[in-house]
């Protein structure tokens, strides 16, 4: 059982975004997708989650092409957190989290998912009155509610998160990564676009490195995230590179 990408290529408005990307995401894996701005990370996550069809190559889930799953069947197997969530109406936090449920959500399940990220006290607040970080915590609770049946049953499921650390303070960044780690330990497969290489090094089992739309490295975090990566992919000058290398060394201890 796994999600398998083979030879993915994708273009947008005539511009080639991804070139021949292949990789596998198995249950019980926390995958960090890293790379410079514009490398194609969000586009790749979108293809892996079934939000778009690749121009070339295939994505399959448990041996079946992702494109052949019905929307309802796919929604039971995977949840997606995008970078942008636009809500213009005066929904409460309870309303927003309930949107993640495939069936009528009950308050117990909604509170349970909010509590995963210490956000239960927000349940009666107006969503639009929240800070950016609070909104992000609510959105994470929403995608957890979508997969709560799998979590309760102990079934593997797939969680795709596009820059989930956005707007979170340092404490909640670590709390989120610890939450993802615990879901991984319960059999979830998690793919996470992330810019913080220190957190990726500390928490991820696997790392995919994208540069100019190509997968230039993949493997265990300790093997992939190193000073050579900082130089060749992120093109950090010598002094910042040394600082980052020291932080990565601390994360490995």
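What are the pairs with Cβ atoms under 7 angstrom where one residue, in the stretch 10-26, is touching a residue at least 60 places away in the same chain (Cβ under 8 Å) and on the phi < 0 side of the Ramachandran plot and the other, located anywhere, is surrounded by fewer than 17 Cβ atoms within 10 Å (Cβ to Cβ) and not in a strand (DSSP E or B)? Sequence gap at least six, or different chains.
Correct list of pairs: 25/2; 26/2.
One line per residue, one yes/no per condition, for (1) modelled with pLDDT of 95 or more; (2) in a loop (DSSP other than H, G, I, E, B):
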| position | (1), (2) |
| --- | --- |
| 83 | no, yes |
| 88 | no, yes |
| 94 | yes, no |
| 105 | no, yes |
| 150 | no, no |
| 155 | no, yes |
| 160 | yes, no |
| 165 | yes, yes |
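Tell me whether the stretch 89-106 contains one or more residues that are over 17 Å from the mean Cα position of the chain (by Cα), within 23 Å of residue 42 (Cβ to Cβ) and surrounded by 13 or more Cβ atoms within 10 Å (Cβ to Cβ).
Checked the stretch 89-106: at least one residue is over 17 Å from the mean Cα position of the chain (by Cα), within 23 Å of residue 42 (Cβ to Cβ) and surrounded by 13 or more Cβ atoms within 10 Å (Cβ to Cβ).
Pairs under 7 Å by beta carbon, first residue on the phi > 0 side of the Ramachandran plot and in a strand (DSSP E or B) in the stretch 209-223, partner surrounded by 22 or more Cβ atoms within 10 Å (Cβ to Cβ) and at pLDDT 95 or above, six or more apart or different chains?
Taking only residues 6 or more apart or on different chains, the pairs are 219/207.
Please find, within the stretch 44-64, the residue that is surrounded by the fewest Cβ atoms within 10 Å (Cβ to Cβ) out of those that are in contact (Cβ under 8 Å) with a residue 60 or more places away in the chain and more than 12 Å from the chain's Cα centre (by Cα).
The extreme case among them is 62.
Being over 29 Å from residue 9 (Cα atoms) and touching a strand residue (DSSP E or B) at 6+ places or on another chain (Cβ under 9 Å) narrows it down to one of 181, 163, so name that one.
181
Scan the stretch 141-148 and give yes if some residue there is over 18 Å from residue 100 (Cβ atoms), assigned to a loop (DSSP other than H, G, I, E, B) and in contact (Cβ under 8 Å) with a residue 24 or more places away in the chain, otherwise no.
Within the stretch 141-148 (the criterion being over 18 Å from residue 100 (Cβ atoms), assigned to a loop (DSSP other than H, G, I, E, B) and in contact (Cβ under 8 Å) with a residue 24 or more places away in the chain), the answer is no, since none of the residues qualifies.
The values are calculated or read from the model by the stated rules, or taken from the named source; none is laboratory data. All of these numbers come straight from a predicted model, not from anything done at the bench. Positions of Cβ are backbone-derived with ideal geometry, glycine not excepted, and every protein chain shown enters the neighbour counts.
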